[in-house]
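Here is the structure we will look at, set down as structure tokens.
The values are calculated or read from the model by the stated rules, or taken from the named source; none is laboratory data. The structure displayed is predicted, hence computed values, not measured ones. Neighbour counts run over all protein chains shown; Cβ positions are idealised from the backbone, glycine included.
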Amino acid sequence: MLAPLPTPASAPRGEPSLALPRSFWKDFSQRHWDREPAVFKQPFAQHFFTGQEIYEAFLEAALRMRRGEYTTPLRFFIEHEDGPDGLPHYGMVLFPAPYLPTREDGDLPNYLARLDKLLGGKRFGLVLNRAQGFHWNHWLQATTFLSGLYASAGVPLGSNDSSIFLGNYRYTPFGIHKDNSHVFNFVVEGTKRYSLWPYEALSGRDEVPKGVSLIDKPCSILLRDKQEEAELLSRASFLEASAGDVTYWPVSYWHRAEPTEGMSLSISLGVSFSAPYFTADAPPHEWPGRLRPTEMPSRRAWQVPASVRSALRQRGQRKALLSAERESTADWVRLLTCGALNGAPPEAQETPLSPDEWIRAHPERPIVCVPLPDKQLLVSAIGRSSTLPGSPLLRRRLERLVSSLNLGKPLSVSALEQAFFSRLPSRAFSRASFRALLDDLVRWRAVQRCPAPGRKSR
């Protein structure tokens, strides 16, 4: 049975952070990044992922799936031992509702106990992609960890993603494969053992397409039998990690999880320099592979980086293409305000603000204003956005509002509203729209309620 990790009695309050010191990233960049696999033994003193947080992320994803909102981020595999080649095979359950967590389970151990009875002891694997979109703490942990990588290697602009792997499966359900991402794997509970091969070791196999390099592309290896498996494993290198450890392998490496004792729980954080997922529908042209950390959203006046603007301008100036440019610009801004992760964290469940309340933004997670074609303005934060009228007068008011919030100081809702509408023509923007924007920022977690200066929070 999988037990939750203990929480240290001295764990500090506040937001969880997995930021590592510059010395770690300097050594990592020189020795391992895009070079060779590595394992780092318990590099975090605090704020590591917990089993309960991961259970809550699974539960949120399961609730959305049951409502029909999501069908692909959650995959459930059942292991079968009767493969004709002597290897186990895995069947993916297309409608896994009975096998997913429910509120009645309460926690991860209870869920696993129910699942064991339901499966009659069969081995299983549960995979949640875009996990940062299902738990606020998970998004914070992922972005704070990646901040050090961004500072040392630049900001990858592909479909960067966090995936949770839970189960007692013996092998990765989708076999030996490679991704289009560099991978950091965090072991939360149990032990993980990975077999790894450099790209050249397996690129000559028949099932690997010829005439094109897949060194940074996804691909899978098809094993015929146990004899072939043994031959490949004899040429592999191995990484083994326990709870609290982090492993890394470059985008070029083939890999597979190997058998270990009991249940395991781990998180794979992939970073990719390929084109972001939303560019798939755009005309083929060059997209920037990475940005400098200084080009990411900041609390000062910020604009979409020049390399992104240049790519967007290639779409042309006709009206239909301007609309496409507007949508693509919004996609890019949401990606960048989300820390270059593929998916925003879940919205906060908050009541509308009242005029006598106070709010403050986090100075390290800035709100941005970006002009769009056809005199519109995009207000965006933490992977979400709202499109507003962008007349010159209203744009100046909105930029001033955002600039005030980005200072990170407590601000009165009523004072913000009064300053915003001072000498503003009544038809330029309604007070209801202003309050709706502030409520959006609260739901996006870009601003939070706070006590008035001089008052202590209850």
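So the values come out like this:
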| quantity | calculated |
| --- | --- |
| Qualifying positions in the stretch 64-92 - among the β-branched types (Val, Ile, Thr) and either within 23 Å of GLN132 (Cα to Cα) or in a loop (DSSP other than H, G, I, E, B) (or both) | THR71, THR72 |
| The stretch 196-208, residues that are surrounded by 11 or more Cβ atoms within 10 Å (Cβ to Cβ) and assigned to a loop (DSSP other than H, G, I, E, B) | PRO198, SER203, ARG205, VAL208 |
| Residue count for the stretch 419-435, restricted to those that are over 18 Å from SER404 (Cα atoms), exposed (fewer than 11 other Cβ atoms within 10 Å of the Cβ) and either of a type in the set (Ser, Thr, Tyr) or touching a strand residue (DSSP E or B) at 6+ places or on another chain (Cβ under 6 Å) (or both) | 1 |
| Filter result for the condition that a residue is surrounded by fewer than 21 Cβ atoms within 10 Å (Cβ to Cβ) and in a helix (DSSP H, G or I), over LEU335, LEU388, LEU377, LEU393 | LEU393 |
| Any hit, the stretch 71-92, residues being without any contact (Cβ under 8 Å) to a residue 40 or more places away in the chain and buried (at least 18 other Cβ atoms within 10 Å of the Cβ) | no |
| Complete set of residues in the stretch 57-103 that are touching a strand residue (DSSP E or B) at 6+ places or on another chain (Cβ under 8 Å), of a type in the set (Gly, Ala, Ser) and closer than 23 Å to ILE221 by Cα | GLY83, GLY91 |
| Qualifying residue in the stretch 126-149 (condition: over 13 Å from the mean Cα position of the chain (by Cα), in a strand (DSSP E or B) and under 17 Å from LEU63 (Cβ atoms)) | yes |
| Checklist (1) among the small types (Gly, Ala, Ser); (2) free of Cβ contacts under 8 Å to residues at least 40 places away in the same chain; (3) not assigned by TED's automatic domain parsing to the domain that holds GLU81 applied to SER298, failing item | (2) |
| Every residue from the stretch 383-399 that is under 23 Å from SER354 (Cβ atoms) and within 30 Å of the chain's Cα centre (by Cα) | ARG384, SER386, LEU388, LEU398 |
